[in-house]
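Step one of this worksheet: look at the structure below.
What follows draws every value from the coordinates through simple rules; no lab data is involved. Quick caveat, the model's predicted, so the values are computed rather than measured. When we count neighbours, we look across all protein chains shown, and the Cβ atoms used for this are built from the backbone with ideal geometry, even at glycine.
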Ligand code: HEC
């Protein structure tokens, strides 16, 4: 049981559980165990009785210290303000009757929806703020003209755009800006980067009333 839960925790911290070697060390009268991860670089000493969550937390803290750039979602959220996705906690408060499509969801489901949704939005934020990821030939990123996605007005689409001479969707204007001011790489409408940019821009206008066609 101990081994089982420890292994599960270790998987959580992205360590290769199967190749963890444990070296027993005797220091004074308290016994410590040294864990070495499979990359051979991470070593952390913990009291022998440490297990489960505490052990996972210690290893995670160590891993974060040694890999400061790996948690890109948290990093991007710290760097650029992001609106959080809608709060769905009312779904768990019995307001959804038996047999309702949302009737049987749990806190874990809600957390998973939130994380996955946020991940796409955060990916969009990363691209929006990076001339490199946009493939710009002139080192220009979207935030230079639209800080925090300002003046992108996703709630006004579809609308007639005079530059294009037709009714445009949000992604058509994203395209226009990639092609013109940014001089970036041409993206297909279903390109993962286009989807992420659209997700980020819409997320930033959360709470704004839809008003298509508005100039
Ligand atoms: C050099 C400045 C500049 C950069 C960089 C830029 N834009 Fe724009 N963007 C504009 C201008 C100017 C307009 C207004 C065009 C118009 O509606 O006449 C605009 C309009 C838009 C609109 C439509 C806004 C509306 O009111 O309907 C969206 C969406 C948009 N940009 C997204 C982006 C994205 C995404 C990027 C990065 C890929 C980007 N822009 C980069 C200047 C810029």
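Descriptive notes on the structure:
- Spin-label pair residue 137-residue 48: with each label point 7 Å from Cα along the Cα-Cβ axis, the two points sit 6.7 nm from one another.
- Size of the stretch 128-176 as Cα extents on the principal axes (Å, biggest first): 30, 21, 14
- Between residue 33 and residue 81, the contour length at 0.36 nm per residue exceeds the Cα-Cα span by 13.2 nm.
- Shape of the stretch 59-215, Cα gyration tensor, a/c cut at 1.5: oblate
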